[in-house]
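Q: So that we are looking at the same thing, I have put the structure below in structure tokens.
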């Protein structure tokens with residue numbers, strides 16, 4: 001088990017049949033990008049995780065919807081499960097903190113865009129010189 005801090009991941013559908021996830025768990029995907037020749041970013045891979053919280057944590061994961069961008073901190077473990085004689089391994093983050101960063105390509109800083117593309121999987125490109133003066137950082 002190890003401590004982990006995920007700066008940006010997207011909430012995924014809980015299963016292929018339903019987007020809604022329970023209050024104690026949600027699926028996420030963290031995109032990995034590389035700068036391309038035209039100056040934009042291409043997604044070259046993703047890390048998929050299941051985020052879980054304990055009942056007494058006070059964190060309600062139902063407030064997050066598919067496509068929301070979140071930051072997560074907690075401890076990461078690999079959980080094993082068996083189905084029809086096969087073993088499956090799942091990266092699980094037992095979260096101490098889950099916070100909304102925004103939806104898709106925006107950040108909750110006055111909805112300032114962080115990406116010049118409509119692709120929700122693209123890595124954010126820095127926005128220079130246009131930050132909200134009331135932001136705490």
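The values are calculated or read from the model by the stated rules, or taken from the named source; none is laboratory data. The structure presented is a predicted model; accordingly, all values stated were derived computationally and were not measured. Using ideal geometry, Cβ is built from the backbone for each residue, glycine included, and neighbour counts are taken over all protein chains shown.
Q: Take the conditions surrounded by 10 or more Cβ atoms within 10 Å (Cβ to Cβ), in contact with a strand residue (DSSP E or B) (Cβ under 6 Å, 6 or more places away or on another chain) and assigned to a strand (DSSP E or B) and apply them to residue 78. Does it pass?
A: So residue 78 fails the test.
Q: Hey, another quick one. For residue 65, indicate whether it is loosely packed, with under 10 Cβ neighbours inside 10 Å, modelled with pLDDT under 95 and in a loop (DSSP other than H, G, I, E, B).
A: Judged against the criteria, residue 65 is not a match.
Q: Scanning for something assigned to a helix (DSSP H, G or I) and without any contact (Cβ under 8 Å) to a residue 60 or more places away in the chain, does region 22-45 turn up at least one residue?
A: no
Q: Take the residues of region 24-41 that are over 16 Å from the mean Cα position of the chain (by Cα) and surrounded by fewer than 15 Cβ atoms within 10 Å (Cβ to Cβ): which is nearest to residue 88 (Cα to Cα)?
A: The extreme case among them is 34.
Q: Would you please list the contacts, defined by Cβ atoms under 8 Å and residues six or more apart or on different chains, that run from a residue in region 90-102 that is at positive phi to a residue that is surrounded by 14 or more Cβ atoms within 10 Å (Cβ to Cβ) and in a strand (DSSP E or B)?
A: That search, which allows pairs on different chains as well, returns 102/68; 102/69.
Q: Yes or no: residue 13 over 13 Å from the mean Cα position of the chain (by Cα), modelled with pLDDT of 90 or more and closer than 21 Å to residue 100 by Cα?
A: no
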